[in-house]
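To start, the structure under review is shown below, and the notes come after it.
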Amino acid sequence: MTSPTLVLLSNLDTIHGEEVIRHLVDTRQLNGYNAAFIASEPDNTRYFYTKTQAFYKTTGINLDCYIDFESGYNESLFQEVPGKPIVHLSGGNTYRFLQGMQQRNLETKLRQYVQNGGVLIG
């Protein structure tokens with residue numbers, strides 16, 4: 001089992017933020033894998049998702065799962081998370097994000113994901 005990894009990243013749009021993610025992808029040999037994106041608040045146009053998805057593509061990661069706790073939440077999408085080596089938590093309203101997790105009792109599942117070797121970035 002791979003050791004738990006939690007990356008606290010305040011802004012992906014920095015050279016150091018990008019370097020950290022590239023380093024994780026390289027050292028964990030994750031090129032070619034899929035990843036999930038969990039929105040901290042609704043993003044109807046998916047602007048931040050699309051932007052983050054484009055960055056991950058440059059690392060060889062396919063960000064193919066978009067989860068929004070408030071707008072159109074789908075439990076079956078969250079079931080895909082444990083199979084993804086990376087979960088990216090978007091920036092934004094932390095209170096709304098935590099509230100969405102608590103309302104669905106997902107804190108334990110996300111904690112277990114990290115304990116099982118998943119990489120949580122956000």
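Some points to look at:
- Accessible surface ranking for Y95, Y66, 1.4 angstrom probe, highest first: Y95, Y66.
- Entry note, the chain: the mean residue ellipticity at 222 nm calculated from DSSP H runs of n ≥ 4, each adding -39500 (n - 2.57), is -11500 deg cm²/dmol after division by the residues and rounding to the nearest 500.
- Prolate/oblate/rounded label for the range 6-109 (Cα gyration tensor, a/c 1.5): prolate
- Modelled spin labels at K51 and E70, positioned 7 Å past Cα toward Cβ, are 1.7 nm from each other.
- For the chain, the relative contact order works out to 40 percent when only alpha carbon pairs closer than 8 Å and six or more residues apart are counted.
- Contour minus Cα-Cα distance for D26 and N105 (0.36 nm per residue): 25.2 nm
- Here's how it looks for F69: its modeled amide H is under 5 Å from those of A39, which are all 5 or more places away or on a different chain.
- Gyration tensor (alpha-carbon) shape descriptor, the range 60-122, a/c threshold 1.5: rounded
- The gain in end-to-end length when the Q112 to N62 segment is fully stretched comes to 15.7 nm, 0.36 nm per residue minus the alpha carbon separation.
The values are calculated or read from the model by the stated rules, or taken from the named source; none is laboratory data. Treat the numbers as computed from the prediction; the structure is a model and nothing was measured. Note that each Cβ is placed from the backbone with ideal geometry, even for glycine, and that neighbours are counted across all protein chains shown. Side chains are part of the model used for accessible areas, which takes the heavy atoms of the whole protein and leaves out ligands, DNA and RNA. Shrake-Rupley method; radii C 1.70, N 1.55, O 1.52, S 1.80 Å.
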